[in-house]
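Asker: Just passing along the structure, written as structure tokens.
The values are calculated or read from the model by the stated rules, or taken from the named source; none is laboratory data. No experiment lies behind these values; they were computed from the predicted model shown. A quick note on method: Cβ atoms are made from the backbone with ideal geometry, for glycine too, and the neighbour counts reach across all protein chains shown. SASA here: full protein model, heavy atoms, side chains in, ligands and nucleic acids out. Shrake-Rupley method; radii C 1.70, N 1.55, O 1.52, S 1.80 Å.
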Amino acid sequence: QMRAMGTVGTLFAIVNRTSNATALVNWRLYRKAPSGLKEERTEVASHAILDLWNSPNRFFTRQELVETLQQHIDLTGEGWLVIARNQRSALPLELWPVRPDRIAPVPDPTDFISGYMYTGPDGREIALRVEDVIQIRMPNPLDPYRGMGPVQSIMVDLESSRYAAEW
């Protein structure tokens, strides 16, 4: 599905538009009101999580991070973030988007998921802890561990369109 974005112009236009629009959202952080009422909550203007969100790592801006995640969600039904931490602290230092085809949940009969396995471009596998991975997924009726995106349902049509254009 991710390769299809670069080969079918209509799919590129749709995914580019939705991911760009999502990334342009003015994200905010709020402190919950004691009453629980949404109208009484207060906006938090300065916080470490806002700093991390606005500068997720030294190679990605917030815009690029959100756009990448939304592309992955639109194309595969899954968006993955790996949290980099200081070894001496539980606080997150960086957020990294990960290609959905490079990460897999490790199922567990008791805890549902015991961790994740990331496969790098060189084929090396790296085990990741549950607390170091964020998965955003569209539910998949066939697999509770993986997502299903809208593009999966139209792959035959997309490939037909591409083949027709090549012909």
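Asker: Which members of region 116-129 meet the condition of being under 23 Å from L65 (Cβ atoms), surrounded by fewer than 15 Cβ atoms within 10 Å (Cβ to Cβ) and either basic (K, R) or in contact with a Pro (Cβ under 9 Å, 6 or more places away or on another chain) (or both)?
Answerer: Matches in region 116-129: M117, R129.
Asker: For region 130-165, what are the residues that are among the aromatic types (F, W, Y) and either open to solvent by less than 70 Å² (accessible area, probe 1.4 Å) or over 22 Å from T7 (Cβ atoms) (or both)? Can you show your working first?
Answerer: Step one: filter region 130-165 for residues among the aromatic types (F, W, Y), giving 145, 163.
If the condition is that a residue be among the aromatic types (F, W, Y) and either open to solvent by less than 70 Å² (accessible area, probe 1.4 Å) or over 22 Å from T7 (Cβ atoms) (or both), then Y145 is the only one that fits.
Asker: Of all residues in region 45-62, which are open to solvent by less than 50 Å² (accessible area, probe 1.4 Å) and farther than 30 Å from Q152 by Cα?
Answerer: Within region 45-62, the first condition is being open to solvent by less than 50 Å² (accessible area, probe 1.4 Å), and the residues that meet it are 50, 52, 56-57.
Within region 45-62, L50, L52, N57 meet the criteria.
Asker: With R28, R58, R3 as the choices, which residue is under 25 Å from V82 (Cα atoms), at pLDDT 95 or above and of a type in the set (D, E, K, R)? Break it down into steps so the answer makes sense when it comes.
Answerer: Numbers: R28 fails: at pLDDT 95 or above; R3 fails: at pLDDT 95 or above.
Being under 25 Å from V82 (Cα atoms), at pLDDT 95 or above and of a type in the set (D, E, K, R) holds for just one of R28, R58, R3, which is R58.
Asker: Suppose we keep only residues that are part of a strand (DSSP E or B) and more than 11 Å from the chain's Cα centre (by Cα) within region 78-92. Which one would you say is farthest from I134 (Cα to Cα)? Quick ask: steps written out before the conclusion?
Answerer: To start, the set of residues in region 78-92 that are part of a strand (DSSP E or B) comprises 78-85, 92.
Applying the additional criterion that residues be more than 11 Å from the chain's Cα centre (by Cα) yields 83-85, 92.
Values: I83: 8, A84: 12, R85: 14, P92: 12 Å.
Top of the filtered list is R85.
Asker: Only one residue in V66, V8, V82, V44 is at pLDDT 95 or above and touching a Lys or Arg at 6+ places or on another chain (Cβ under 6 Å). Which one?
Answerer: On the way: V66 fails: touching a Lys or Arg at 6+ places or on another chain (Cβ under 6 Å); V8 fails: at pLDDT 95 or above; V82 fails: touching a Lys or Arg at 6+ places or on another chain (Cβ under 6 Å).
None of the other options fit; the residue is V44.
Asker: Can I ask one more? Give T18, T10 a once-over and let me know the one that is open to solvent by 30 Å² or more (accessible area, probe 1.4 Å), part of a helix (DSSP H, G or I) and in contact with an Asp or Glu (Cβ under 7 Å, 6 or more places away or on another chain). If you could, list the steps in order and put the result at the bottom.
Answerer: Working: T10 fails: in contact with an Asp or Glu (Cβ under 7 Å, 6 or more places away or on another chain).
The match here is T18.
Asker: Of all residues being out of contact with any helix residue (DSSP H, G or I) (no Cβ under 8 Å at 6 or more places or on another chain) and in a helix (DSSP H, G or I) in region 21-43, which is nearest to G6 (Cα to Cα)? Just the residue, please.
Answerer: A21
Asker: Looking for whichever is modelled with pLDDT under 95, over 26 Å from R31 (Cα atoms) and of a type in the set (A, V, I, L, M, F, W, C) here; the options are L128, L75. Which one fits?
Answerer: On the way: L128 fails: modelled with pLDDT under 95.
Of L128, L75, the one residue that is modelled with pLDDT under 95, over 26 Å from R31 (Cα atoms) and of a type in the set (A, V, I, L, M, F, W, C) is L75.
Asker: Considering only region 121-143, how many residues are farther than 26 Å from L11 by Cα and either in contact with a helix residue (DSSP H, G or I) (Cβ under 7 Å, 6 or more places away or on another chain) or free of Cβ contacts under 8 Å to residues at least 12 places away in the same chain (or both)?
Answerer: Residues that pass the stated criteria total 5.
Asker: Right, next: Among the numbered conditions (1) touching an Asp or Glu at 6+ places or on another chain (Cβ under 6 Å); (2) part of a strand (DSSP E or B); (3) surrounded by 14 or more Cβ atoms within 10 Å (Cβ to Cβ), tell me where I113 comes up short.
Answerer: (1) is the only condition that I113 fails.
Asker: Among the candidates L69, L75, L95, L65, single out the residue that is in a helix (DSSP H, G or I), open to solvent by less than 30 Å² (accessible area, probe 1.4 Å) and farther than 17 Å from M148 by Cα. Before the answer, list the steps.
Answerer: Working: L69 fails: farther than 17 Å from M148 by Cα; L75 fails: farther than 17 Å from M148 by Cα; L95 fails: in a helix (DSSP H, G or I).
So the residue among L69, L75, L95, L65 that is in a helix (DSSP H, G or I), open to solvent by less than 30 Å² (accessible area, probe 1.4 Å) and farther than 17 Å from M148 by Cα is L65.
Asker: Any residue in region 6-27 that's more than 16 Å from Y163 (Cα to Cα): show its pairings with residues that are of a type in the set (D, E) and surrounded by 16 or more Cβ atoms within 10 Å (Cβ to Cβ) at Cβ separation under 8 Å, as long as the two are six or more apart or on different chains.
Answerer: The qualifying pairs are I14/D74; V15/D74; T18/D74; S19/E67; S19/D74; N20/E67; T22/E67; A23/E67.
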